[in-house]
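Notes follow once the structure below has been shown.
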Amino acid sequence: MTDIHFSTTSVGSARLHVLNSKKFKTTTVVVLFEQELSEEKVTQSALLPNVLQRGTQSYPTTVQVKQKCDQLYGANLFGDVFKRGGRHFLQFGLDVANGDYLSERPALLTEGLQFLQEVLFKPVTSNDGFSSSFVNAEKKNLRQRIESLKDDKIRYAAQRLNEEMYKGEPHALYNYGQLRSLDAIDERSLYTYYQEVIQSCPIDIYCVGDVHPEEVKALFETQLGAHIGRQERPSVEALRNDQKVEQVNEIVERLEVQQGKLNLGCRTHVTIEDDLYPALMMYNGILGGFAHSKLFMNVREKASLAYYCSSRIDSYLGQVAIQSGIEIANYDQAVSIMKEQLEEMRQGNISEQEISQTKATLTNQIRERLDSAYGLIDFAHHTQQPTRKREVEQLLQEIADVTPQQIQEVAQQVELDTIYFLRDQGGIDGE
Amino acid sequence: MVNKIEHAQLKETLYQEKLPNGLNVFVVPKQGFQKTYAIFTTRYGAIDHDFQPPGKQRIRVPDGIAHFLEHKMFEQRSGEDVFQQFALQGAAANAYTSFTRTAYLYSCTENVEKNLTTLLDFVQEPYFTDENVEKEKGIIAQEIRMYDDTPDWRLYFGLIQAFYQQHPVKIDIAGTVESIYEITKEHLYQCYETFYHPSNMVLVIVGSVQPEQIIQLVAENQAKKNFTNQAEIKRFFEQEPDQVRTRRNDVQLAVGVPKCMFGFKERASFVGQKGDDFLRQELSTFLFLEYLFGQGSDFYQSLYDDGLIDEQFGYDYSLEDGFAFSMAGGDSSDPERLLARVEKEVPGFVQRGLDQTTFDRLRKKRIGSTLRLLNSPEWIANQYTRYQFAGTDLFRMIPLLEELTVDQVNERMREHVDFEQFATSVIKPSAQVSKE
C-alpha cells in the first residue's frame with residue numbers, strides 16, 4: 001500500500017507527521033495537545049478550543065475569523081476534544097483547498113497555517129485573561145451542549161453506561177465536562193489553564209495532502225516553531241482499568257421515551273497493548289460489529305426485537321459495549337438473547353463462515369479508513385499511543401492470522417459488568 | 001457506447017453508458033483510493049404512494065411502503081439475507097429511502113466485481129413471502145420508535161408538516177406503526193414491478209476501478225436478464241396550495257434544551273426546474289442562506305452571543321421534484337426570542353441584499369467546500385445520482401458557481417424569503433429524569 005505512511009520529524013518539542021498524498025483536493029492539518037483526563041481539567045479542556053476560535057489579535061471578532069475562513073476558499077477551522085486511552089486530547093485543525101484546483105491558484109496552505117498559528121497562540125486578551133465576553137458566551141454554549149446530551153438517547157445511554165461502569169474513575173467523565181465545574185471557570189482561570197496547555201502538553205501535528213514534507217516542515221517551523229519552543233513536554237500517563245467483575249450491576253433509568261435503550265458493558269481484559277488485540281477485534285466483529293454478526297442476526301433478524309443491535313470496542317479500556325433499541329416490554333427476552341450470544345462466544349460456537357466474513361469485513365473497514373485524511377490521521381495517532389505499535393499492514397496480517405482458539409481465549413476472559421436500561425415512566429412496579 | 005467526459009480543472013473523468021434495457025451507468029475512477037463505492041438507485045421514494053403501473057389500474061399504497069420494500073430487498077430465495085454474501089466478499093452494504101429515491105449501495109476494497117454482481121442481482125431478484133414480510137414489521141416498528149425519540153428528526157419533520165397541507169412529503173418516510181401493519185407481499189410486488197425497471201434506475205460507481213471494464217461487466221449482467229421495455233409510470237400527487245398548513249408546530253419531548261427550526265416553503269412556481277436551472281436555483285439559494293444564517297454573518301454572531309443559538313445551528317435547502325423549502329435552526333434556550341428576532345431582522349437583510357464583496361467571499365467558500373466534498377467517493381456517487389434525476393450534472397456545480405452573479409442571488413433571495421411562506425417547528429422540554 002502506498003500513500004499511507006507518515007514521515008515523522010519535529011518542530012521544536014512537537015512531533016510533526018507528514019503524509020504526501022495526491023488523492024485529496026484539500027490539505028488537512030491537525031494539531032493535538034495531550035492532556036490528562038481528570039475531573040479538574042476536563043471541562044476547561046472542553047471549553048478552550050471554542051474560546052480560541054472566537055478571535056485572534058489580527059481578527060479580533062468572530063465574524064472576522066469566520067470571514068477569513070471564507071476568504072481562504074472555505075477553509076474549515078475546527079477545534080474539539082476527545083478521550084482516548086484514559087487521556088484527553090485537545091484537537092485543532094484546518095482543512096484548506098489545494099490551490100491547484102482553483103482558477104486563481106492561491107497558496108492557501110501558507111496563509112492557512114499563519115491563520116491557525118494566530119488562533120492557537122495569539123488569542124484576544126485583556127487584563128491577563130481571555131476576552132470575558134468570549135468566555136461567557138462559550139460557557140453558555142458548552143452548558144447547552146452538556147444539557148443536550150440526553151436529547152440524543154443513543155449517545156445518552158452510551159454515556160450513562162460508562163458512568164455506571166467506571167463510577168468514580170476518570171473514564172466515567174463526559175467528553176465535554178460537567179456542569180458543576182463550569183461556574184468556577186472565568187476568563188483569567190481559563191487563560192492560566194491555556195498557558196499550561198500550550199507550554200507543557202505534548203503536541204502532535206499531522207499534515208495530509210499533496211505537499212512536500214521538507215517544504216511543509218519549513219512552513220511549520222516558521223509559523224509554529226517559536227511558539228512551541230524546545231522545552232520538554234512530559235507524556236501524560238495512560239490510565240488503565242483492569243479490575244475483575246464481582247457482581248453484574250443492573251441499572252434502570254426512566255425518561256419519557258417511546259423506545260427502551262438497552263446497553264450492556266463487558267470487561268474483556270484485553271487492550272490494544274496486548275498480543276490478543278487482533279483476536280479481540282475479531283471477537284467484537286463476530287459478536288456485534290457487522291450486519292452478519294450474532295447480535296444482529298439473533299436480536300434483529302431472528303427475534304425481530306430491534307432495529308439496531310451492535311457492539312463496539314474501546315481498545316484502550318478493553319471494554320466491549322453492546323447497544324440496542326427495543327420495545328420496553330421485551331427487556332427480559334432481549335437481555336437473555338444477548339447473554340446467550342456472549343455464552344455462544346465463550347463456548348467457541350463460531351462457524352468458519354463467521355470467521356471468514358469477519359476477517360474480510362474487518363480488513364475492509366480498516367482499509368477504507370485510509371481513504372480519508374482524518375481516517376489516516378486517526379490511524380496514525382492510534383498507532384502512536386500505545387507502547388505496542390502496529391502499522392496498518394502488520395495489523396491486517398495479525399487479523400488474517402487470528403485462530404478460532406485465540407477468539408475463544410478472549411471470549412473466556414469477557415465478563416459482563418453492567419446492564420443499563422433507559423425506559424419510559426410507566427409500569428413502575430413491573431409489567 | 002461508453003461516453004467519456006473530462007473535467008480538467010477538477011481532474012475528474014466521467015464514463016457513461018446507457019444500456020439497451022434503459023439502465024444508465026456512470027463511473028468516476030478515483031486514483032489512489034483503496035475503496036470503490038457503488039450505488040444502485042431507483043427513482044422511487046416515500047412520496048410515490050399513488051400511481052398507475054403501465055397497463056394496469058391506478059393504486060394507492062400504505063404509507064411507508066418504499067422504505068419497507070427497501071428492507072425486504074435484502075431477503076433472498078435461499079433464505080439467507082444478502083448481507084451474508086457481501087460480508088464474505090469483504091463489502092459493507094447498506095440502503096436508504098428518501099422522499100424521492102431508494103438506494104442500495106456497498107463499499108469495498110477487494111472483490112469489486114463480485115460485489116457489483118451481487119448488488120445488481122439482489123436488487124433485481126425480489127423474494128417476498130407472507131412470513132418474511134410479517135417478520136419485518138417488528139423491526140421497522142422499532143426503527144419508527146427510534147425516530148420518535150430522536151428530537152432532531154421530530155423537529156425537522158415538524159417543520160415539513162407545518163409547510164405541507166396535501167403533498168405526500170408530509171408523510172413520514174417509514175410510515176407509522178399502524179400503516180406498516182397493512183403492508184402485504186402483494187403490495188411489495190406491485191411497487192417493485194412498477195418502479196424497479198432498469199429504465200427507472202441509475203447505477204453510479206466511484207473508486208478504484210477500470211471504467212470500461214466495469215461497464216462491460218454491468219452490460220453483460222444486464223443482457224442476461226429479461227426486461228421488457230416499460231412504458232411511462234404515471235405518478236399522482238395531491239395538489240399543493242402555496243400557503244403553509246400552519247405557521248407553527250409545537251411538540252413536547254424529553255429534551256434538555258429546547259429546539260427551534262424555521263424556514264420558507266417554496267411557491268409552486270419555483271418548483272420543478274430541470275437541468276442547469278435546477279442547479280442554479282439550488283446554488284443561489286444556498287449562497288443567500290449563507291449570507292443570512294452562515295457563521296460569517298453578523299446576524300448569526302449576534303444570535304450566538306445572545307445565547308439564542310449554539311454552534312449546532314445550521315441551515316439547509318431541499319429542492320426536489322414537486323416540493324422545495326429552506327430551513328434553519330437547532331438548539332435554542334429561547335425559541336420565542338429567536339423567532340421574534342428572525343421575523344424582525346431578516347427582512348432588513350433581504351432588503352439590503354448582498355454586496356459584491358460579500359458575494360465573492362461566499363462564492364469562494366462554496367467552491368472550496370465543494371472541492372472538499374469531492375474527496376469523498378460516497379458524496380460523489382450519491383450526489384451524482386441526485387443531480388442525474390434532476391436532469392443535470394454534479395460536475396456542472398463549480399462552472400455554474402463561477403458564472404453566478406450577485407444580482408441573480410439577490411433576486412432569488414427576494415423571491416424565496418417571503419414571510420407569507422414562513423413556518424416554524426418548536427420542541428419544548430417535558431418530563432424530568434428519575435433514577436431507580
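The values are calculated or read from the model by the stated rules, or taken from the named source; none is laboratory data. These figures come from a predicted structure and were not determined experimentally. No Cβ is skipped: glycine too gets one built from the backbone with ideal geometry, and neighbour counts run over all protein chains shown.
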**OP:** Could you grab me the full set of residues in the stretch A:190-215 that are in contact (Cβ under 8 Å) with a residue 12 or more places away in the chain and more than 25 Å from A:Q384 (Cα to Cα)?
**Re:** A:L190, A:Y191, A:Y193
**OP:** Keeping to the stretch A:307-339, report how many residues are in a strand (DSSP E or B) and either free of Cβ contacts under 8 Å to residues at least 24 places away in the same chain or not aliphatic (A, V, I, L, M) (or both).
**Re:** 11
Original post:
Tell me, which residue of the stretch A:317-343 that is within 14 Å of chain B (Cβ to nearest Cβ) and of a type in the set (V, I, T) is surrounded by the most Cβ atoms within 10 Å (Cβ to Cβ)?
Top reply: A:I326
Subject >> Of the criteria (1) in a loop (DSSP other than H, G, I, E, B); (2) touching a helix residue (DSSP H, G or I) at 6+ places or on another chain (Cβ under 8 Å), which one B:G272 fails >> reply: (2)
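Okay, residues lined up against (1) buried (at least 19 other Cβ atoms within 10 Å of the Cβ); (2) more than 24 Å from B:E320 (Cα to Cα):
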| position | (1), (2) |
| --- | --- |
| B:P347 | no, yes |
| B:L354 | yes, yes |
| B:D360 | no, yes |
| B:R366 | yes, no |
| B:S376 | no, no |
| B:N382 | yes, no |
| B:M397 | yes, no |
| B:T405 | no, no |
**OP:** Could you tell me whether B:R386 is charged (D, E, K, R) and in contact (Cβ under 8 Å) with a residue 24 or more places away in the chain?
**Re:** yes
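For B:R101, are the conditions met, namely being charged (D, E, K, R), under 23 Å from the mean Cα position of the chain (by Cα), closer than 15 Å to B:T41 by Cα and at pLDDT 95 or above?
yes
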**OP:** Taking the options B:F195, B:F163, name whichever one is crowded, with 21+ Cβ neighbours inside 10 Å, closer than 30 Å to A:E256 by Cβ and not assigned by TED's automatic domain parsing to the domain that holds B:P258.
**Re:** B:F163
**OP:** Only residues in the stretch B:215-229 that are under 25 Å from B:L14 (Cβ atoms) count as the first member; pair them with residues that are surrounded by fewer than 18 Cβ atoms within 10 Å (Cβ to Cβ) and at pLDDT below 95, Cβ under 8 angstrom, at least 6 apart or cross-chain, and list the lot.
**Re:** B:I215/B:V2
**OP:** Find all pairs meeting these conditions: Cβ atoms under 6 angstrom apart; at least six residues apart or on different chains; first residue within the stretch B:146-175 and over 11 Å from B:V426 (Cα atoms); second residue assigned to a loop (DSSP other than H, G, I, E, B) and among the aliphatic types (A, V, I, L, M).
**Re:** B:D149/A:V257; B:F163/B:V244; B:P168/B:I47; B:V169/B:I47; B:I173/B:A46
Original post:
Any chance the stretch B:282-304 includes a residue that's under 20 Å from B:D393 (Cβ atoms), in a loop (DSSP other than H, G, I, E, B) and more than 14 Å from chain A (Cβ to nearest Cβ)?
Top reply: no
Subject >> Close pairs (6 angstrom Cβ cut-off, 6 or more residues apart or separate chains): within 14 Å of chain B (Cβ to nearest Cβ) and under 19 Å from A:S58 (Cα atoms) in the stretch A:69-98, assigned to a strand (DSSP E or B) and of a type in the set (D, E, K, R) anywhere >> reply: A:N76/A:D95
Subject >> Residue among A:L396, A:L370, A:L376 that alone is surrounded by 13 or more Cβ atoms within 10 Å (Cβ to Cβ) and out of contact with any Leu (no Cβ under 8 Å at 6 or more places or on another chain) >> reply: A:L396
**OP:** Kindly provide the set of residues from the stretch B:329-345 that are touching a residue at least 24 places away in the same chain (Cβ under 8 Å), surrounded by fewer than 21 Cβ atoms within 10 Å (Cβ to Cβ) and either in contact with a helix residue (DSSP H, G or I) (Cβ under 6 Å, 6 or more places away or on another chain) or part of a helix (DSSP H, G or I) (or both), ordered by number.
**Re:** B:R337, B:L339, B:R341, B:E343, B:E345
Original post:
Cβ-Cβ below 7 Å, separation at least six or inter-chain, first residue in the stretch A:133-152 and within 8 Å of another protein chain (Cβ to nearest Cβ) and under 12 Å from B:D305 (Cβ atoms), second surrounded by 22 or more Cβ atoms within 10 Å (Cβ to Cβ) and not hydrophobic (A, V, I, L, M, F, W, C): which pairs?
Top reply: A:N141/B:D310
